[in-house]
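The values are calculated or read from the model by the stated rules, or taken from the named source; none is laboratory data. This one's a predicted model, so the numbers in the text were calculated from it and none came from an experiment. A quick note on method: Cβ atoms are made from the backbone with ideal geometry, for glycine too, and the neighbour counts reach across all protein chains shown. SASA here: full protein model, heavy atoms, side chains in, ligands and nucleic acids out. Shrake-Rupley method; radii C 1.70, N 1.55, O 1.52, S 1.80 Å.
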Amino acid sequence: MRTAHRTCPICDAVCGLRLTLDDAGRVTSVKGDPDDPFSKGFVCPKGASLGHIDEDPDRLRAPMVREGDDWREVTWEEAFRAVHEGLNGVIDAHGRDALAVYFGNPTFHTMAGFMYRMPLTQSLGTRNVFSASTIDQIPKQVAGGLMYGDAMAIAVPDLDRTDHLLVIGANPAVSNGSLCAAPDFPGRLKALRARGGKLVVVDPRRTRTAAMADEHVFVRPGTDAFLLMGIVHTLLAEDLTSLDRVGVEVGGLDELRRLADDFTPETVSRVCGVPAEQITRMARELAAAPSAAVYSRIGTCTAEFGTVTQWLVDVVNTLTGNLDRPGGVMFTRTAALEFFRTGQPYSGGNWRSRARGVPEAMGELPVATLADEIETPGEGQVRALITIAGNPVLSAPNGPRLDRAFADLDFMVCVDPYLNETTRHANVILPPPRMLQMPHYDFLLLTVTVRNYTRFSPPILPLEPGQLSEAEILAKLTLIAAGQGADADPAGLDEMIVGQILGGAVQAPGSPFEGRDPAELRAGLTGDSGPELMLDAILQLGPYGLSLAKLRENPHGLDLGPLQPRLAELVCTPSGRVELAPEPLFPEVERLRGRLAAAPPEMVLIGRRQLRSNNSWLHNVGTLVGGSNRCTLHVHPSDAARLGLAGEALVRSAAGELTVPVETTESIMPGVVSLPHGWGHAGSSLRVAAEHAGVNANALTDETVIDPLSGNAVFNGVPVTVAPVVQGTQAAQDSGGDACSGGSGTRAAGPVTVTLTTRGA
Ligand SMILES: Nc1nc2c(c(=O)[nH]1)N[C@H]1C(S)=C(S)[C@@H](COP(=O)(O)OP(=O)(O)OC[C@H]3O[C@@H](n4cnc5c(=O)[nH]c(N)nc54)[C@H](O)[C@@H]3O)O[C@H]1N2
Ligand SMILES: Nc1nc2c(c(=O)[nH]1)N[C@H]1C(S)=C(S)[C@@H](COP(=O)(O)OP(=O)(O)OC[C@H]3O[C@@H](n4cnc5c(=O)[nH]c(N)nc54)[C@H](O)[C@@H]3O)O[C@H]1N2
Ligand code: SF4
Ligand SMILES: [Mo]
């Protein structure tokens with residue numbers, strides 16, 4: 001028996017875990033790490049199941065190649081040769097824009113995903129770059145880019161010090177928070193109320209978070225931008241602003257006044273369903289609180305006015321004087337990534353997608369238009385796809401259409417531990433090692449912690465002989481994409497990336513490495529893998545003067561203190577001020593104004609998360625499925641009675657239809673139904689998941705409707721009709737063919753060119 005410690009890699013909360021393992025390396029228990037200064041022993045049911053997840057017998061242990069409907073385990077050499085032939089066959093026949101890549105959610109959690117995302121993208125040389133960002137948080141980043149200049153500047157509620165927290169479209173008591181890393185979020189909410197603070201939740205469902213709150217406000221799905229406009233209008237009309245409390249220069253107040261002018265509480269109330277007096281009171285309470293923070297997430301990001309909503313959230317935080325101030329919303333000072341802030345003002349829409357003409361944001365296109373790019377013939381049609389840690393058939397809007405489109409590709413390669421709804425279309429699957437065999441450092445999640453904090457976890461178990469790390473797999477893909485062939489050495493690429501970081505740092509004025517010799521600096525780095533060497537370098541360049549060795553000496557993590565005001569050093573708008581009224585948003589505000597008189601749809605669909613699920617990929621673990629973790633349609637009893645619903649319902653939208661068991665509950669607003677996403681495993685080779693299949697909520701979400709500025713998908717407020725299932729009614733089942741053919745061909749080797757954007761480079 002031995003004890004080991006590591007950060008939980010599943011959700012955004014970065015909890016520390018204490019594991020015990022037997023002599024054979026099997027996990028015998030997982031508990032919260034009581035010595036972690038940030039999570040202090042907290043663990044949720046998913047973290048407690050880490051051993052079962054890690055030891056899932058259905059995880060792939062060797063690369064797989066598909067021949068027709070048959071899968072064959074192959075050696076890594078054979079797998080990479082097949083990838084080399086497949087990708088280069090497509091490049092030779094159709095050019096590089098015929099390639100597409102999709103980075104799924106876990107690439108935001110793995111060290112390899114962080115290190116290799118940019119090099120791989122650059123080596124592919126295609127405009128067809130997609131990720132889970134456009135079904136998640138990109139509206140928040142675009143809003144940050146427009147207001148602060150820096151799309152990596154995400155305002156985090158100062159959860160442990162605030163006096164008043166307004167949560168809009170998030171359910172952290174279940175999700176444990178997102179873009180706000182706070183282990184034991186529910187405990188921190190209880191502490192807020194215990195110290196006399198107030199918690200208000202705006203949600204079309206009475207969630208677990210709402211049940212903990214002083215006040216729960218029902219809002220009509222998709223209308224938060226109206227509610228927030230009503231709050232902004234009140235703050236301005238009643239002169240409740242405290243801009244003097246904001247420590248940076250703020251511009252655009254007059255423009256904002258003009259934009260918000262006709263969104264009176266009375267007017268917006270008719271659209272969002274919140275009584276005008278309540279909107280006025282919400283504004284007054286936010287302004288009067290000694291400190292207050294507005295926090296919003298998925299319910300407001302995956303909405304048609306996603307970017308406008310995220311902008312308005314930070315406008316309210318600014319107007320009430322709570323921007324960059326203790327108890328308000330603040331900006332984490334992370335240990336590792338400060339070096340990567342470019343200081344260049346954000347600009348979006350630099351090109352448009354081929355088929356639908358939708359603008360790029362942050363260098364990527366909306367995954368909502370991936371199927372268009374695969375299906376629309378012509379120059380630049382996508383013929384080959386790489387997915388890394390993603391399951392877009394279940395997670396992207398109109399998943400069934402993607403399912404059909406993937407079946408038509410010439411070549412597909414997936415880096416994933418599972419043969420699932422998406423990877424079943426692959427020609428080659430490259431499985432990463434078990435979680436316990438990977439080192440872990442949350443490059444990205446540690447940029448949004450509610451205290452400054454850092455923690456590194458070395459692998460607990462070694463790789464088996466001949467097994468590849470995820471970093472090596474992604475490095476090989478990068479080299480193949482760059483035309484270096486299937487046999488190129490991944491270590492060479494690691495050295496190149498680390499060398500570029502050091503090369504940039506020695507030239508960067510004021511950097512701790514300024515003027516030093518890169519070779520000497522390289523010799524001083526420690527780390528057992530490329531990502532660890534990279535981490536060591538950027539920790540040393542970071543604001544705390546840390547190193548990988550120092551983090552190894554502190555296996556429970558390091559508390560780096562409460563958040564401090566720091567916006568002044570982040571703002572990089574062209575004007576140098578925080579922009580309250582960025583011009584690119586004006587057309588969106590006009591569009592919003594145009595909706596003031598629109599009649600709301602009779603019935604709309606929203607999503608919901610479940611405590612024991614994590615998107616689509618934990619349903620094969622027996623301890624996590626069943627009981628309350630079922631895929632059901634939440635319906636208000638009054639709607640169920642009106643529509644005659646019992647048993648199963650047939651739900652239809654513009655995109656598709658499905659049948660699903662009905663669960664009536666008073667917790668949901670009348671006129672709204674809710675379906676969790678990530679289900680739909682019928683026929684899966686994952687045995688437990690197939691027994692708890694559920695349906696794919698994204699058979700109903702409409703890929704043709706997006707948030708225009710960010711390209712984000714719309715999962716909430718989807719117009720639907722709901723009817724009882726009558727004998728003989730059969731919902732359309734989504735099915736996809738398997739007709740894929742591997743391309744072939746060879747390419748001349750060329751140099752790998754990788755440019756990391758850094759302040760110094
Ligand atoms: N247990 C669990 N935890 C998770 C995940 C998981 O799948 N399961 N996923 C992780 C990921 S990837 C993410 S991004 C985070 C997300 O974290 P959260 O955003 O906290 O997650 P959700 O539970 O989706 O919360 C969204 C809430 O918005 C509400 N809502 C829907 N439509 C609207 C609307 O129009 N307006 C308003 N105001 N509210 C609306 C929903 O009812 C729901 O309660 O969770 C992470 N943590
Ligand atoms: N209707 C609706 N749809 C939604 C949402 C919603 O609220 N409603 N939420 C959206 C959100 S917030 C998100 S983040 C997306 C998620 O969308 P995706 O990222 O596309 O989907 P996941 O279900 O997270 O799939 C993760 C994949 O990564 C694999 N994986 C797990 N660990 C690793 C690893 O260490 N390495 C590698 N290489 N692979 C790994 C899993 O097997 C799985 O195939 O879903 C979105 N879809
Ligand atoms: S809350 Fe998230 S990080 Fe914490 S134990 Fe659960 S899944 Fe892991
Ligand atoms: Mo997400």
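At a glance:
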item	result
Scope the range 622-661; condition within 30 Å of I53 (Cα to Cα) and open to solvent by 30 Å² or more (accessible area, probe 1.4 Å); matching residues	G622, T623, G627, S628, R630, T659, P661
Positions within the range 583-606 being surrounded by 21 or more Cβ atoms within 10 Å (Cβ to Cβ) and part of a loop (DSSP other than H, G, I, E, B), in sequence order	none
Residue within the range 558-565 that is open to solvent by 60 Å² or more (accessible area, probe 1.4 Å) and more than 26 Å from the chain's Cα centre (by Cα) present	no
Lone qualifier among R356, R325 - being in the same structural domain as T241 (by TED's automatic domain parsing) and either over 30 Å from A287 (Cβ atoms) or outside any helix (DSSP H, G or I) (or both)	R325
Wholly within the range 9-106, strands (runs of 3 or more DSSP E) carrying at least 1 residues that are away from ligand 3 (no atom under 16 Å from the Cβ), of a type in the set (D, E) and loosely packed, with under 15 Cβ neighbours inside 10 Å	64-67, 70-73
Residue in the range 314-330 that is in contact with a Gly (Cβ under 7 Å, 6 or more places away or on another chain) and under 18 Å from T447 (Cα atoms) present	yes
Qualifying residue in the range 121-130 (condition: out of contact with any strand residue (DSSP E or B) (no Cβ under 6 Å at 6 or more places or on another chain) and within 16 Å of ligand 2 (Cβ to nearest atom))	no
Lone unmet requirement of (1) within 20 Å of the chain's Cα centre (by Cα); (2) surrounded by 23 or more Cβ atoms within 10 Å (Cβ to Cβ) for S457	(1)
Of all residues in the range 107-137 being in a loop (DSSP other than H, G, I, E, B) and not basic (K, R), the one that is nearest to ligand 1 (Cβ to nearest atom)	D136
Residues of the range 113-122 satisfying the condition of being open to solvent by 10 Å² or more (accessible area, probe 1.4 Å) and either over 13 Å from I386 (Cα atoms) or of a type in the set (S, T, N, Q) (or both)	F114, M118, T121, Q122
Condition met for E569 (without any contact (Cβ under 8 Å) to a residue 12 or more places away in the chain, surrounded by 13 or more Cβ atoms within 10 Å (Cβ to Cβ) and out of contact with any strand residue (DSSP E or B) (no Cβ under 8 Å at 6 or more places or on another chain))	yes
Subset of the range 207-218 [over 24 Å from the mean Cα position of the chain (by Cα) and in contact (Cβ under 8 Å) with a residue 40 or more places away in the chain]	A213, V217, F218
Every pair of residues 6+ apart whose Cβ atoms lie under 6 Å, when the first sits in the range 615-631 and is in contact (Cβ under 8 Å) with a residue 24 or more places away in the chain and more than 12 Å from L394 (Cβ to Cβ) while the second is of a type in the set (A, V, I, L, M) and open to solvent by 10 Å² or more (accessible area, probe 1.4 Å)	N620/L686; N620/V688; G622/V688
Residue count, the range 359-399 (criterion: β-branched (V, I, T) and either part of a loop (DSSP other than H, G, I, E, B) or within 24 Å of E657 (Cβ to Cβ) (or both))	6
Residue satisfying all of: in the range 195-229; near ligand 1 (Cβ under 9 Å from one of its atoms) and part of a strand (DSSP E or B); surrounded by the fewest Cβ atoms within 10 Å (Cβ to Cβ) among these	V217
Residue in the range 683-708 that is nearest to ligand 3 (Cβ to nearest atom), counting only those that are open to solvent by 40 Å² or more (accessible area, probe 1.4 Å), in a loop (DSSP other than H, G, I, E, B) and in contact (Cβ under 8 Å) with a residue 12 or more places away in the chain	H692
Residues of the range 230-241 classified as in contact with a helix residue (DSSP H, G or I) (Cβ under 6 Å, 6 or more places away or on another chain) and assigned to a helix (DSSP H, G or I), total	7
So A335, is it among the small types (G, A, S), in contact with a Leu (Cβ under 9 Å, 6 or more places away or on another chain) and at pLDDT 95 or above	yes
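Every residue, every condition in (1) touching a helix residue (DSSP H, G or I) at 6+ places or on another chain (Cβ under 7 Å); (2) within 30 Å of P562 (Cβ to Cβ); (3) away from ligand 4 (no atom under 16 Å from the Cβ), yes or no:
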| residue | (1), (2), (3) |
| --- | --- |
| Y346 | yes, yes, yes |
| A355 | yes, no, yes |
| I374 | yes, no, yes |
| G378 | no, no, yes |
| I429 | yes, no, yes |
| P439 | yes, yes, yes |
| D442 | no, yes, no |
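Yes/no matrix, rows are residues, columns are (1) away from ligand 1 (no atom under 16 Å from the Cβ); (2) within 23 Å of C180 (Cβ to Cβ); (3) modelled with pLDDT of 95 or more:
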{"position": "A4", "(1), (2), (3)": "yes, no, yes"}
{"position": "T7", "(1), (2), (3)": "no, yes, yes"}
{"position": "L19", "(1), (2), (3)": "yes, no, yes"}
{"position": "D22", "(1), (2), (3)": "yes, no, yes"}
{"position": "T28", "(1), (2), (3)": "yes, no, yes"}
{"position": "D36", "(1), (2), (3)": "yes, yes, yes"}
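Per-residue answers, yes or no, for (1) surrounded by 23 or more Cβ atoms within 10 Å (Cβ to Cβ); (2) more than 21 Å from L563 (Cβ to Cβ); (3) under 17 Å from the mean Cα position of the chain (by Cα); (4) not basic (K, R):
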{"site": "N128", "(1), (2), (3), (4)": "yes, yes, no, yes"}
{"site": "I138", "(1), (2), (3), (4)": "yes, yes, yes, yes"}
{"site": "Q141", "(1), (2), (3), (4)": "yes, no, yes, yes"}
{"site": "Y148", "(1), (2), (3), (4)": "yes, no, no, yes"}
{"site": "I154", "(1), (2), (3), (4)": "no, no, yes, yes"}
{"site": "P157", "(1), (2), (3), (4)": "yes, no, no, yes"}
{"site": "D160", "(1), (2), (3), (4)": "no, no, no, yes"}
{"site": "V167", "(1), (2), (3), (4)": "yes, no, no, yes"}
